[in-house]
Amino acid sequence: MQPHLQTLINLLTKNDLKLLLQHYIDSSEIENNEQLGFMFQQSEIKPSNFSYYQQLATGFIKVKGISKSLISKLKTHNTLSFFTPALQIKDNFKVTDDQHRNVLHFLFTNNKVLSANKQPPFNYLRSMMLFGSNNALRDALCQRNEQNLTPIECYLFTNNNLAPLANHELTALLALIEIESKQQEVNNVNYPLFIKKVRELCQGSTPSEIEELQRVVLIATYYKISIQSVLEYINNAA
């Protein structure tokens, strides 16, 4: 085990909050990410300690700030849930990396696990917007990466998981699309540039299977065009 983690564990055992914070401040960005990752893992192993580790991690980030490299690691519902209080500090939802990607870009394009129960946490995010003051989260939904894509566009064009969303997640995504549309106009220039990516995602699928894809309906909804038009673009993008 690395020395900085061993020190963290020793201080956690003593529950010395002052020295824990100082140790975190004195550590490098890479070490901080590993320390936060350790605390997240411990909260997963023993859920009864979730609040303790979450409050500790939030306090650390409040003092030292959130790193660009950390947001790229928040790709699942569980990591989002753990770090939500930290992301709500100082507009951290809007922090971007060198490619202008915020945490939503990473959440919506997580392609590590392709299964129906590993979809982006659309309903969780929608609930946050409904039941709290989350202007930074709303703004993050509209931010564009260096490819000029919003987080939702990243999901539509680059998320490899073509399994249909559960009804509550689908309803939530449609609500997020509506929220984004009220903040800014859709950039139609992106559509012909990236629809070919959907063709790549559909490789091996028959035309009839592509017609049944929920993703096609969502693209049509986002860009306010017909489903038939999307299908024609996909078929002609090869």
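Structural remarks
- Only one of Ser67, Ser115 that is among the small types (Gly, Ala, Ser), at pLDDT 90 or above and either farther than 20 Å from Gln184 by Cβ or assigned by TED's automatic domain parsing to the domain that holds Ile152 (or both): Ser67
- Residues in region 195-222 that are surrounded by 19 or more Cβ atoms within 10 Å (Cβ to Cβ) and not aliphatic (A, V, I, L, M): 3 in all.
- Among the residues of region 100-112, those that are out of contact with any Ser or Thr (no Cβ under 6 Å at 6 or more places or on another chain), over 21 Å from His168 (Cβ atoms) and either part of a helix (DSSP H, G or I) or modelled with pLDDT under 95 (or both) comprise Val103, His105, Asn111, Lys112.
- For region 31-48, the criterion of being assigned to a loop (DSSP other than H, G, I, E, B), crowded, with 20+ Cβ neighbours inside 10 Å and touching a helix residue (DSSP H, G or I) at 6+ places or on another chain (Cβ under 6 Å) is met by none of the residues.
Okay, residues lined up against (1) β-branched (Val, Ile, Thr); (2) assigned to a loop (DSSP other than H, G, I, E, B):
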| position | (1), (2) |
| --- | --- |
| Leu19 | no, no |
| Ser51 | no, no |
| Gln55 | no, no |
| Ile61 | yes, no |
| Ile66 | yes, yes |
| Lys75 | no, yes |
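- Residue satisfying condition, being surrounded by 13 or more Cβ atoms within 10 Å (Cβ to Cβ) and at positive phi, within set Asp91, Asp16: Asp91
- Number of residues in region 203-223 that are out of contact with any Phe, Trp or Tyr (no Cβ under 6 Å at 6 or more places or on another chain) and within 23 Å of Ile177 (Cα to Cα) equals 13.
- Listed by position, the helices (runs of 4 or more DSSP H) enclosed by region 127-238 that each have at least 3 residues that are assigned by TED's automatic domain parsing to the domain that holds Asn92 and of a type in the set (Lys, Arg) are 190-201.
- Among the residues listed as Asn32, Asn10, the single one being of a type outside the set (A, V, I, L, M) and either assigned by TED's automatic domain parsing to the domain that holds Leu70 or within 24 Å of the chain's Cα centre (by Cα) (or both): Asn32
- Residues that are within 13 Å of Cys154 (Cβ to Cβ) and polar (S, T, N, Q) within region 188-209 comprise just one, Asn190.
The values are calculated or read from the model by the stated rules, or taken from the named source; none is laboratory data. All values derive from a computational prediction rather than experimental measurement. Quick reminder, even Gly has a Cβ in these numbers, built from the backbone with ideal geometry, and neighbours come from all protein chains shown.
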